[in-house]
Structure formats: structure tokens, C-alpha cells
Amino acid sequence: MARLGSLLLFSCVIHTLSAHSDFFTSIGHMTDLLYTEKDLVTSLKDYIRAEESKLEQVKRWADRLDTLTSTAVEDPEGFLGHPVNAFKLMKRLNTEWGDLENLVLKDTADGFISNLTIQRQYFPTDEDQTGAAKALLRLQDTYQLDSNTISTGNLPGPPSGVRYKSSMTVEDCYELGKIAYSDVDYYHTELWMAQALRQLDQGEESAIDKVTVIDYLSYAIYQQGELERALELTKRLLKLDPTHQRANGNLKYFEFQLEKQRKEEASAQEEEQKHVKSQIEKREAQRKRSKDPLPERKKYEQLCRGEGVKMTPRRQSRLFCRYYDNRHNPRLLLGPVKVEDEWDRPHIVRYHDIISDSEIEKVKELAKPRLRRATISNPITGVLETASYRISKSAWLTAYEHPTIEKINRRIQDITGLDMDTAEELQVANYGVGGQYEPHFDFGRKDEPDAFKELGTGNRIATWLFYMSDVSAGGGTVFTDVGAAVLPKKGSAVFWYNLFPSGEGDYSTRHAACPVLVGNKWVSNKWIHERGQEFRRPCALEEAAL
């Protein structure tokens, strides 16, 4: 009966998981995996009790995961808010459970194997594991974290927000380095193979040996133009394994190349000086991150770190906090909303305590079963597609499906004075591991005349964004053109106009959602369109942002 109950529980979890993919793009959906993993541990321990004497190695594995998952399911979203935990979950389910399966298959017991085999078809895929790994690399770059900081789990943020600190093993670091290597990303290959080697040198036990790590590391360094360092590492490798065929070949090649450089130095000192200078410049260029198509990458990442443009004291003095009832709106007279100016141009305002905890939970409850990988509209084809620069899952909620959504829409209309009849449905988004949305415009530009043609409601005149969770570190909304940065605060909402009163697009509203470093980010937004607003939007600039 116990096994039957376990199987029935598995089938329920399977039904939930089978409807979704791209687990790494939503922390909300990844919580299901924790329960699945916990169930697998329970099944595994049943099997261990039957053959404990022969499976001591498997028992140690299960005990370790039992402790981990028991802690994790007490607060799944909080646990997965730490990106190292999320990466390790992807890696365990995609790789390590498979290794365990091979071990257990050597025995005759098939009860646990059958359970595990059934579950594996609903486990995260290679894409999920790779996506979680690349998210860690993205966080490393954006927030300028060294590999040891990530590996030890000492991520920035308030202590209360980093409750589930987790460290990385040599195998974890090696896996990150291999994924970077597969992408011909030798910069990150070096960082993570060097970290794996550092932990091995410190005495950490691992199934990965130093020879394997140094082999990758030396090649990554060579590809970045540092011939002498590559040679030193190759010599170290050969001390550990004198018969290593590739290292022996590399040793001769590296020595030949260095000798060639020395002869060039002796024959043409002046030319060599120029050559050395060009080589240094070349190496520096090679050691930089790969070419990035995003023109404002540096500014975007600075703003995400809390650096970059700051408003002058004179401009700051013009920002105010106030109570607002939108010209004595009947529904706001007794309870005016609290408004804070976040930025002046474009005028970005924040409404505090504008959505209750119970409303947030209802919105999440309605949205979670429908969350799907967020898409973008291809500017050339107009086709919706996924993109590496938008890592989240989203769902759309209509007003008629629940009174809470209707109430929220009415509240937005009362506060902004804009008609919601032509607005898009409420979009709910949950960001995944290192979840982000790189700089973009909400409105359709002149070179995208058909951006919202199918809707028949004109361009997006304004954006309303609810923050439905606090985020311990990262996850801010930044406006790269002007240098504004707005941090998530649960229960608040920010609002801005995308179009000028003339209908022209305001290009200063280009904005981005910074990668979530620690925590779980839930937002919901309302894109309001210009049709129906002709007599509703105030023309005065002072009132235009309200």
C-alpha cells in the first residue's frame, strides 16, 4: 500500500510537470521539482531498507539528499531563490540521478529503478541544466562576482535573504567550465576550471581528477593568447601524467611557438616592440567576454549593480511623496493612494501598498498553472519566439475569470484615469534562475508599424508594473537611456508613459529587468493602449505621469 500511495503521488506530480518545460525560466515551476526530488528520495530509502547491506554507497547518497530536500520544501521559493541551489537542482536531476540509476541497475531490485525510470522522462533536460549554468555565468558577469564567491555561496544581499547558502563541488565547477567550453567561451572556461583546480588543490575529494581539469584549463588559456601560462600548466599536467598524449603534443607546439617569438625578438627589436604591444592588446581583447550585440551592456550592468547615472540634488529636490485621489475619484476619496516620484524625465512614479498580499496570492494561484516561457516579437518577422535575453515565464489573466482581476483592473483605471477596455490582459511573470529581460521598449517604434496591428487598439501608451515579491539581491528595473533604477518592493507598482501626448514614442523609456541574483521575483503588468484615451490623458506635463 505504501508503494502504491507513492506511485499515485508520483503520477500527480508527473501530471503537473508534464505540462511544462524550460524549468530554469521560472522559480515558481521549479518548486515542483523539489517535491519530485523529495518523493524520489523517499522511494529510494524504501529500496535501501530492503538491501541496506549491499547498498551502503546508495544509502549515503540518499541521506544527503534527504536532509537537503527536507529543508528545501519548507520554503521552496526561498530555497530556489539562491541561484547555486537552482543550478545544483538542475544538475542533480539531469545528470546525477542518471549516474545513480546506472549504479542501482547493477543489482536485481527493480522497484526503485522502475519508479526512477518513469520519473526521468519528466526531469529537467540538458537545456534546463545548460540554461541554469549560463544563468550563473550571467550573474557572475552582471554583478562582477568572482568564481570563489559563487562557489562558496557567499552571494551579496541581506543575511535574511540568503538563508539557504549552498556551496559548489569540484564537479559543479567543472560542469560550468565544460558548458562554457562547449560555447567556445574560453573566458568563463578558464574561470571555472581554475576554480575546480583550486578546490582540488585545497584537498577536496572528487571523481574529477586534476589532469582532466588542467587539460581544459591550459587549452582555454592558450586560446586567449597566453602561451607561457598554457605551457606552465601543460608541464604541470605531464608531471601528473607523463603519458598524456595531447599534453605531450601541446608541450612541443607551445615550446616551438615560444622559441619562434624569441627569434623574432632577437632579429627585429624595434618591430618586436610593436609586435609585443599588438600582442598584448590582442590578448587583452581575447580575454574579454565574447562580443555582445547589446550596445548598452556596460551601462545596463552598472545600473543593475547600483552604479551609473545619479540624479543631481537639484533634480532630486523636485521629486515628492504625496497622497493622490485623481481629481477626487469617488473610489479614492476615502483612501487616497500613496505616490512617490522615482524619476523626473521620463516621469516614473511608484504607488505604495497598492496590491494586498491576499490579492497577490490569488493572482499567483491563477497564473501558476498557465505559466509558459515568455516570448518576444521578432522585429523582422513579427513571430513570437523565445530569446536568451528574456528569462522568465508568464501567463495572461482576463478580468472576467475572477473578481480579483477585475478589481485590480478597476484600480489601475481609477488611479491613472486611463480606459482599461483597450488595455492588454494582466500579464503575470515569474523570473527563473538569473531571470532577466534585457533593455527593450514597450511601445512599437516607427520601424515596427504593425507591432500591435492585430489588437486594433493602437500603440502602448503606458506601462503599469506591480511588484508581487521582494527580491533579496538584483532584479531591479533600470532605464538605460537616463540611468534610473527602481528596486522591487512587494505590494507596490510603478507607472510611466511610453508615448508623449503627441503620440510619438518616448525613447527615454527604454528599460530592462536586471537578473535576479538572490530571491524570487514575481511581477504583473498592464500594457495600456492609446485607443480610447483621447479625452482621458491630461495634456499638462505636470500631470502627464499620473
For region 173-272, the fraction of alpha-carbon pairs in successive 5 Å shells from zero, as %: 2, 13, 22, 20, 19, 10, 6, 5, 2, 1, 0
Region 45-106: GluC sites (Glu not before Pro) in DSSP loop, at most 16 other beta carbons within 10 Å: Glu51, Glu52, Glu74
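Charges only on Cβ, +1 for Lys and Arg, -1 for Asp and Glu: so what's the dipole of region 201-240 about the Cα centre, in debye to the nearest 20?
180 debye
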Cβ-based net charge around Glu401, under 13 Å, with every Lys or Arg adding one and every Asp or Glu removing one: 0
Rg to Rh, two decimals, where region 122-166 supplies the alpha carbon set and Rh follows Kirkwood: 1.05
Residues whose placed amide H lies under 5 Å from that of Ile348, excluding near-sequence neighbours: Glu342, Trp343
Dipole axis of region 169-270 (+1 Lys, Arg; -1 Asp, Glu on Cβ), positive-most option in Val170, Leu251, Ala220: Leu251
Measure of compaction for region 77-138 (Cα Rg per 2.2 N^0.38 Å): 1.29
Convex hull (Cα only) mean projected area of region 425-537, reported in nm² to one decimal: 7.4 nm²
Residue-count net charge about Pro330 - beta-carbon cut-off 15 Å; Lys, Arg +1, Asp, Glu -1: +2
Too-long pairs where the Cα-Cα distance tops 28 Å, listed order kept, from Lys134/Lys407; Lys178/Lys368; Lys165/Lys364; Lys298/Lys362; Lys178/Lys252: Lys134/Lys407; Lys178/Lys368; Lys298/Lys362
Scaled radius of gyration (Cα, divided by 2.2 N^0.38 Å) that region 442-493 gives: 1.50
Charge sum, other residues only, whose C-beta stays under 11 Å from Ile461's C-beta, Lys/Arg counted +1 and Asp/Glu -1: -1
Protection proxy ranking of 235-241, 485-491 - average other beta-carbon atoms within 10 Å, highest first: 485-491, 235-241
3J(HN,Hα) from dihedral phi, region 498-506, Karplus parametrisation 6.51/-1.76/1.60, rounded to Hz, x for glycine, proline: 8, 10, 6, x, 6, x, 6, x, 9
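Each reported figure results from applying straightforward, stated rules to the coordinates on display, with no laboratory input. Only a predicted model underlies this, so the values are computations on that prediction, with no experimental measurement involved. A quick note on method: Cβ atoms are made from the backbone with ideal geometry, for glycine too, and the neighbour counts reach across all protein chains shown.
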